[in-house]
1. Roughly how big is segment 98-246's charge dipole about its Cα centre, with Cβ charges of +1 (Lys, Arg) and -1 (Asp, Glu), in debye to the nearest 20?
2. Once label points are set 7 Å from the Cα along Cα→Cβ at both D137 and K330, what is their separation, rounded to one decimal in nm?
3. Output needed for segment 68-149: three equivalent-ellipsoid semi-axes, defined as square roots of 5 times the C-alpha gyration tensor eigenvalues, in descending order, whole Å.
4. Using +1 at the C-beta of Lys and Arg and -1 at the C-beta of Asp and Glu, which of V304, H322, H185 has the Cα lying farthest in the positive direction of the dipole of the chain?
5. Given charges of +1 on the Cβ of Lys and Arg and -1 on the Cβ of Asp and Glu, with all other atoms neutral, how large is the dipole of segment 60-128 about its Cα centre, in debye to the nearest 20?
6. Given an 8 Å cut-off on Cα distances and at least 6 residues of separation, report the relative contact order of segment 203-275 as a percent.
7. Please state the relative contact order of the chain as a whole percent: Cα pairs under 8 Å, 6+ residues apart?
8. Nearest 5 is fine: what % of DSSP beta bridges in the chain come out antiparallel, could you say?
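The values are calculated or read from the model by the stated rules, or taken from the named source; none is laboratory data. Predicted, not measured: the structure shown is a model, and the values here were computed from it. In this analysis, Cβ positions are derived from the backbone assuming ideal geometry, glycine residues included, and neighbour counts consider all displayed protein chains. Side chains included, ligands, DNA and RNA excluded: accessible areas come from the protein's heavy atoms. Shrake-Rupley method; radii C 1.70, N 1.55, O 1.52, S 1.80 Å.
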Amino acid sequence: MLKQTIATLLMAGAALCGSAERPELHFNNDGTFKIIQFTDLHINDENESSKLRNDSTYRLIEQLAETQKPDLLVLTGDCIWNTRDAISLWKQLCASLESTGVPYAICFGNHDEETDVNNGQILDYLLTQPHNLTRDDADISGSGNCMIPIAASANDRTTASAIYLIDSHNNCKDRSFGHYAWIKHDQIDWYRATSDSLTQTNGGIPVPSTAFFHIPLPEFDTCLKEYPEIGTKKENVCAPGINSGMFESMLDKGDILGVFVGHDHNNDYLIDANGKILLAYGRKSGYNSAYDEVLPRGARIITVYKDEPRLDTSLIDDHGIHHPYTFIKKEFKK
């Protein structure tokens, strides 16, 4: 009954804000667009120490937003966990994000709905926030599956780049197929149809795009057999036990420059898969630990370029900038 009441209140708030004008993203005058990826915040209210660490996480977000001047913040899941009052913590997190004045988008992780609300109810709350861009684009598996366009300029609303947010779900109900669930076929079909539409509108040329979700694809592990990692690998890749074909679809459509995930707190490496696609972990951003964690808290910076199949990326923490890398997609035009 309580969850139904919460959902009703949040939907009413979302309806009030539904007509509010959302931020529209566009490339800067120099042809760049900068994203900061935060991941695995693990904000919780277990005890006073946890709450203090939450404050450190908010401070990290706000400081990097101030110093790096990003155009978008993307949070790749496991934002809130270990609480019986999740909406109160989402309110704190959104207050921090809103204070930056920077548009933001959120992918859900496997822990986000292990609280007193589910991802659909969380999304209803996010829709009440002025700078949030997360939404549902289609009636498909999961919550928050959407494509966010980046316009060519403030005056030219042509979609020059696209950002895909995809719900990678949580634990697998049938453990005979591994611990974690996988991206479903209806989500892949939605991505393929959206990509095709953008390509058609763009004169048959794929629109350079990026994808964000929480749980890494199996290729974050299998590609290591062919290509070296750049960055830190301090734990096994916790990917789904079933490969549903998301990676193959991205290669087939030819538009995705890079895939950015979280989930594995001691990994922050990237893989350049022969110039076809970049696979990259973010840096664990939350100061609350879920297990033995070895990396300093930080974030990943991603810069995409108008009219170029290129992105620059690096990691940032209190010790500086690490592992800067430029990815240029080969054979981009179909």
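1. On the way: 9 positive and 20 negative charges, 72 e Å.
Dipole magnitude for segment 98-246 comes out near 340 debye.
2. With each label point 7 Å from Cα toward Cβ, the separation is 2.8 nm.
3. Details: eigenvalues 74, 55, 22 Å².
Ellipsoid semi-axes (Å, largest first): 19, 17, 11.
4. Checking the options against the dipole of the chain, the answer is V304.
5. Working: 3 positive and 11 negative charges, 28 e Å.
Using Cβ point charges on Lys, Arg, Asp and Glu, segment 60-128 gives about 140 debye.
6. Working: 96 pairs, mean separation 38.0, N = 73.
Averaging sequence separation for qualifying contacts and normalising by length gives 52 percent for segment 203-275.
7. Working: 764 pairs, mean separation 62.8, N = 334.
Reported relative contact order: 19 percent.
8. Details: 32 of 56 bridges.
Around 55 percent antiparallel, to the nearest 5.
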